[in-house]
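Written below as structure tokens is the structure these notes are about.
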Amino acid sequence: MTLVTIHARLANTAVLFVVIMALWSFWKFLKKQKLDPNFSGALVVAEILILAQSALGAVVAVTGHFANLDRPSMHILYGIVSALTIPAVYIFTKADERYQVMLVYGASLIFLAFIVWRLMVTGT
């Protein structure tokens, strides 16, 4: 299995995981449940997944496969935005634990899923 294939499959995993996280976030909002350690831990896992995807993407780029992209600058931009989304929301909400924050996380995770999907589209 090549690095490019692993990078592509990790992107699929990231999209699926982030969509599941978004649905969980909306569910918690509807149930008026606060941000809890389980959800926070899953956010950390999502961020690690995105960072691993970014690191692998950097390795793929350095090994010369970056030339195969249609729009490499957009791929880099989307990669940076995807890596910064979860930490930005955490800073924006100031680690607030009220249930309304779950709506913010849900919306940002949908945004993140879209960005990762766009990364996959610009990578072809």
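Where a number appears in this text, it was derived from the coordinates with a stated rule and is not lab data. Computed from a prediction, not measured in an experiment: that's the story for all the values here. Quick reminder, even Gly has a Cβ in these numbers, built from the backbone with ideal geometry, and neighbours come from all protein chains shown.
General remarks:
- Measuring nothing but how far apart in sequence close Cα pairs (under 8 Å, 6+ apart) lie, relative to its length, the chain scores a relative contact order of 47 percent.
- Charge tally in the Cβ shell below 14 Å around residue 98, where Lys, Arg are +1 and Asp, Glu are -1, residue 98 excluded: +2
- For the stretch 74-88, 3J(HN,Hα) per residue [Karplus equation, 6.51 cos²θ - 1.76 cosθ + 1.60, θ = phi - 60°, Hz, x = Gly/Pro]: 5, 4, 5, 4, 5, x, 5, 4, 5, 6, 9, 5, 5, x, 5
- Projecting the Cα atoms of 95, 26, 109 onto the dipole axis of the chain, where Lys and Arg carry +1 and Asp and Glu carry -1 at the beta carbon, places 26 farthest toward the positive end.
- Relative packing of peptides 6-15, 83-92 - highest average C-beta neighbours within 10 Å first: 6-15, 83-92
- Gain in span if fully extended, residue 13 to residue 111, counting 0.36 nm per residue against the direct Cα distance: 33.7 nm
- Förster radius 22 Å - calculated FRET efficiency between residue 94 and residue 33 (Cβ-Cβ, nearest 0.05): 0.70
- Hull shadow area, averaged, the stretch 3-122 [alpha-carbon convex hull, nm²]: 6.7
- Charge tally for residue 111 (other residues, Cβ to Cβ under 15 Å; Lys, Arg +1; Asp, Glu -1): 0.
- Note on the chain: with charges restricted to the Cβ of Lys and Arg (+1) and Asp and Glu (-1), its dipole about the Cα centre is near 280 debye.
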